[in-house]
Every structure is written in C-alpha cells, then in structure tokens.
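The values are calculated or read from the model by the stated rules, or taken from the named source; none is laboratory data. Treat the numbers as computed from the prediction; the structure is a model and nothing was measured. Note that each Cβ is placed from the backbone with ideal geometry, even for glycine, and that neighbours are counted across all protein chains shown. In case anyone asks, the SASA skips ligands and DNA or RNA and just uses the protein heavy atoms, side chains included. Shrake-Rupley method; radii C 1.70, N 1.55, O 1.52, S 1.80 Å.
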Amino acid sequence: MNPKIVFRTLGPETLLMEWPEVISSETLGSVTAHFRAISNELAEQIITCYPAYCSIAILFDTNQISAAALQENILELDIKEEQKSKRLCWELPVCYDDPYGVDLLRMAEAKKTTPEKIVLLHTQNSYPVYFFGFLPGFMYLGGLPTALHYPRKQTPVRKIPQGSVAIGGNQTGIYPASSPGGWHVIGNCPVSMFDPSQNPPCFIQTGDAVKFTAVEADEYLQIKELVAQGQYRPQTSTIDG
C-alpha cells in the first residue's frame, strides 16, 4: 500500500481515501488501480465508490461492516501493476465547423491565433479521464495544452447542446446532455457519452483516455445516424500506466 494514502471518514457511512493533491499520471494510475480493486474484490462490502483526481469516496453499509474493518480490508488488497495497465484510449470524432463550434472563432481571436490552429492543438493530445462529475457521463479530462487554457465564461450559457466539446480553464470535456454551462464550445461529438439503459451507462471509464479526431460535417451526420441505430463504436487502442 502506498504510504502517502490517508484514510478518514466522512460521516458514519463514507470512508475517504486521499492521495497528495497533485494531479499526475502516477496518482491517476494509483487511484484507478485501487478503485478497480475495491469495486471488484470488495463489492459485497460496499454500496458504491466514487473516484476523483486524488481521492476515492467509498460508501458502505454500517450494518455490514465498520469503517475500520473496511480500511483494513483495503490495506490487504493486492494492488497489482497489471491493474494499472488495462486502460483504453478512445478515439472520438468531433466536428469543429459551424454551427457546432460556436465559441471557436471568438476564442481564436482572443488568443490571436486561428481556429485551425486551435483544432490542431486540441486533436494532437490524448486526455486522461480523471473522474466523472457535474453531469452523469461528464468526463474531467487532463492534459490540455497550455496554449489552449482559457478562463471560463463570466456568465454561463443557459443551454449548451448535448455532445458539445468545450474548454474551461485548463480542462476540456464533452457535455453528455444539454445543460447550462460556462465552458467555451469549440465543437460537437456525435457519440453518446451516457446511456442509462446500458451497463455501465458510460462506456469510457476512469483511468482511460480520450483522443479527439476532427471530422467534416457530412461525416459527423453519418456517425450521428449510426449512433442512433446502435451501430457505431469508437476505435480504441491500449495505453500503458
């Protein structure tokens, strides 16, 4: 067990595991490995658990187990290196053209560059999925190039369309449903990020990565139709760490 991990309780039914507050691939690998081991090997002892950047919140039934006993069971888990390597990089199509990238030109002008250069930078990296929050299926992605960092809008928009690919601060992500939001929309992904009829509802998992691929409007519409018919699944590759 990593000695840097600290346990504490959040009320009588929640055990919190905390890592040092450093967002890094090493921390992500450790959080992901522990989350998967706890979810798989201690499933009968917990109700659910929620990973974040540097923590895991574990909800448990006090009638079944105590916080101390659960902590001891976690300490006894064999966190194997292979658990850290079973991750996927998902290639997600994005149309950055009008009318999907509604804030792209404004962002380019503010940064004294072109929309094409922003798209090029945005599609060069793969982005690790640190955790889900805000909305079901909303991925908090790390690794946004510094040149694309852009402060969130001072006044949030009342309705950002489902599938909007956006930038807020030093992060990028996809809105899985129509929602108010303060991020800058630069494109749209036709792939559904959250489907409650599926198990799991989100096919992408914490610890995976996402790579965006630019597509033209006609290909975007074709993919959107295939998604509606249940005939589209993004390409994947394996990643280490």
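Amide H contacts of Phe212 (H built 1.01 Å from N, in plane; Pro and chain starts excluded): Leu92 sit under 5 Å, all sequence-distant by 5 or more or on other chains.
Whole-Hz Karplus values for region 151-164 come out as x, 4, 5, 5, 10, x, 7, 5, 9, 9, x, 4, x, 4 Hz, taken residue by residue from phi with 6.51 cos²θ - 1.76 cosθ + 1.60 and θ = phi - 60°; glycine and proline positions read x. Applying both filters, DSSP loop and at most 14 other Cβ atoms within 10 Å, to the GluC sites (Glu not before Pro) of region 17-60 gives Glu21, Glu44.
Looking at region 141-241, what % of the alpha carbon pairs are farther apart than 23 Å?
Working: 1613 of 5050 pairs.
Pairs farther apart than 23 Å: 32 percent.
The slack between Arg233 and Glu216, meaning 0.36 nm per residue of separation minus the straight C-alpha distance, is 4.3 nm.
Note down the relative contact order for the chain as a percent, whole number, built from C-alpha pairs under 8 angstrom at least six residues apart.
Values: 471 pairs, mean separation 52.8, N = 241.
Here the relative contact order equals 22 percent.
Please work out the ratio of the alpha-carbon Rg of region 82-163 to 2.2 N^0.38 Å and round it to two decimals. Intermediate values should be presented prior to the final figure.
On the way: Rg = 14.7 Å, N = 82, 2.2 N^0.38 = 11.7 Å.
The value comes to 1.25.
From the P(r) of region 3-150, could you give the percentage of C-alpha pairs in the tail past 21 Å? Intermediate values should be presented prior to the final figure.
Numbers: 5949 of 10878 pairs.
Cα-Cα pairs of region 3-150 separated by over 21 Å account for 55 percent.
Only helices enter the 222 nm calculation for the chain: every DSSP H run of n ≥ 4 contributes -39,500 (n - 2.57), and dividing by all residues gives -7000 deg cm²/dmol, rounded to 500.
Computed from point charges on the beta carbon alone (+1 for Lys and Arg, -1 for Asp and Glu), the dipole magnitude for the chain about its Cα centre is near 740 Debye. The mean accessible area for residues of the chain, using a 1.4 Å probe and ignoring ligands and nucleic acids, is 52 Å² per residue.
For region 4-91, with all protein chains present and a 1.4 Å probe, just round the carbon and sulfur fraction of the accessible area to a whole percent. Before the final figure, lay out the partial values.
On the way: 2290 of 4750 Å².
Within region 4-91, the accessible surface is 48 percent carbon and sulfur.
Across region 73-160, the mean sequence separation of Cα contacts (distance under 8 Å, 6 or more residues apart), normalised by length, yields a relative contact order of 16 percent.
Between rounded, prolate and oblate, where does region 182-232 land on the alpha carbon gyration tensor, with a ≥ b ≥ c its root eigenvalues, rounded for a/c under 1.5, else prolate if a/b exceeds b/c? Taking the square roots of the gyration eigenvalues as a ≥ b ≥ c, region 182-232 is oblate. Relative contact order for region 1-114: what percent, with Cα pairs under 8 Å and sequence separation of 6 or more? That works out to 24 percent. Converting phi to 3J(HN,Hα) with the Karplus coefficients 6.51, -1.76 and 1.60 and the offset θ = phi - 60°, region 168-174 yields x, x, 9, 10, 10, x, 10 Hz in sequence order, with x at every glycine or proline. For region 179-186, the Karplus equation 6.51 cos²θ - 1.76 cosθ + 1.60, evaluated at θ = phi - 60°, returns couplings of 6, x, x, x, 8, 8, 7, 10 Hz by residue, with Gly and Pro reported as x. Rounded to the nearest 20 debye, the dipole size of region 68-205 about its Cα centre is 560 debye, using +1 on the Cβ of Lys and Arg and -1 on the Cβ of Asp and Glu.
Near Cys202, the amide H atoms lying under 5 Å from its own belong to Asp195; only residues 5 or more places off or on other chains count, and H is placed 1.01 Å from N.
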